[in-house]
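Asks: Could you have a look at this structure, given as structure tokens, before my questions?
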Amino acid sequence: MTKKYLTQAKKPHPLIEVWNDYPEILQNDNRILPVPSIEQIIGEVFAPGKFYYYVINFADSTISHHHENILKMHGLSKYPVHLKDIIDLIHPDDLEFVMEAERMSIEKMKQINGFDYQHELKTSYCFRMRTPEGNYGLFHHQALHTYKDENGRLLQAVNIHTHIEHITQNNSYIVLVSGINGREDFHQMQWIKKDDFPKSTAVVFTTREVEILNCIAKGYATCEISGMLNISEETVRTHRKNILKKADARNSSELVKKAFEWGYL
């Protein structure tokens, strides 16, 4: 590790210090970990645009196993090696939200005793990141935990960033903790900046509606959704009609755009 990053390790970024506030959860000792099954993890998330992923090691905040898209999507000449390199790509005005989103996610997992099944929970929210043109675009961030130590503290996670500027340019500042691998957890939290109000109000969908909404976003037809959820096609059509009405959306494209803004995807 270069001298530069040794210095960073002594003076961690405030975002990294958020995780350091939870020593009972996040592991900080150095150890060599196996590479997680990236493609399987990507299969658990929805990426409706260009995306990349990387592995974060919590012992020293280094990152590795980058998807090659990270270079061209941010106009980088070399792969980032430390979490601070990723943090430096975030819009300065969004850093406060990112830090609070991480804290809100951890607190929610503590509340639901989610650390017993970290690998079956996904955290997601949106923030702006630098693009090759020197501007900032909206990215959808998803984090999945991959390895824990014998005491249950988090060792490693995979982060997936998807550019969604073509879908929406509005950040609702919603933080989502949801279940994967068959878990039905769905916890939606609204962040409100001090002396400010939320920029949009999310519609409340039922658990079944969220399942169908995700299927619609992935492009599945009514008959396919019927088979996957083991319900009749007529039931799917009824739910779809109710979802569109609740969202005040005219079609699937408008529905997906609003669902992203509200944090459902």
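The values are calculated or read from the model by the stated rules, or taken from the named source; none is laboratory data. Being a predicted model, the structure only gives us computed values, none of them experimental. Note that each Cβ is placed from the backbone with ideal geometry, even for glycine, and that neighbours are counted across all protein chains shown. These accessible areas exclude ligands, DNA and RNA; they are computed on the full protein's heavy atoms, side chains included. Shrake-Rupley method; radii C 1.70, N 1.55, O 1.52, S 1.80 Å.
Asks: Any residue in segment 49-62 that is surrounded by fewer than 19 Cβ atoms within 10 Å (Cβ to Cβ) and in a helix (DSSP H, G or I)?
Replies: no
Asks: Looking at segment 197-222, I want the residues that are part of a loop (DSSP other than H, G, I, E, B) and modelled with pLDDT under 85 and have a partner that is open to solvent by less than 30 Å² (accessible area, probe 1.4 Å) and acidic (Asp, Glu) with Cβ atoms under 7 Å, at least 6 apart or on another chain. Which pairs are those?
Replies: Matching pairs, first to second residue: 200/261.
Asks: Return the residue satisfying two criteria in turn: it lies in segment 139-169 and is in a loop (DSSP other than H, G, I, E, B) and of a type in the set (S, T, N, Q), and of such residues it is most open to solvent (accessible area, probe 1.4 Å).
Replies: Residue satisfying both the conditions and the ranking: 169.
Asks: Hey, can you tell me all the residues within segment 112-138 that are open to solvent by 30 Å² or more (accessible area, probe 1.4 Å) and of a type in the set (D, E, K, R)?
Replies: 116, 120, 128, 130, 133, listed by residue number.
Asks: Let me ask something else about it. Hey, could you check segment 230-265 for residues that are aliphatic (A, V, I, L, M) and in contact with a Lys or Arg (Cβ under 8 Å, 6 or more places away or on another chain) and say which is surrounded by the most Cβ atoms within 10 Å (Cβ to Cβ)?
Replies: The extreme case among them is 247.
Asks: I'd like the full set of residues that are of a type in the set (D, E, K, R), touching a residue at least 12 places away in the same chain (Cβ under 8 Å) and out of contact with any His (no Cβ under 8 Å at 6 or more places or on another chain), limited to segment 97-137.
Replies: Scanning segment 97-137 gives 100, 102, 103, 110, 116, 120, 122, 133.
Asks: Looking at (1) touching a residue at least 40 places away in the same chain (Cβ under 8 Å); (2) in contact with a Lys or Arg (Cβ under 9 Å, 6 or more places away or on another chain), which is the only condition residue 157 fails?
Replies: (2)
Asks: Conditions first: (1) part of a helix (DSSP H, G or I); (2) at pLDDT 70 or above. Residue 41 passes all but one, so which condition is the exception?
Replies: Against the list (1) part of a helix (DSSP H, G or I); (2) at pLDDT 70 or above, residue 41 comes up short only on (2).
Asks: Continuing with this model, one more query. Can you tell me which residue within segment 84-96, out of those that are touching a His at 6+ places or on another chain (Cβ under 7 Å) and part of a helix (DSSP H, G or I), is least open to solvent (accessible area, probe 1.4 Å)? Outline the logic, then answer.
Replies: Residues of segment 84-96 that are touching a His at 6+ places or on another chain (Cβ under 7 Å), as a first pass: 84, 87, 89.
If we keep only those that are part of a helix (DSSP H, G or I) too, we end up with 84, 87.
On the way: 84: 64, 87: 6 Å².
Among those residues, the one meeting the criterion is 87.
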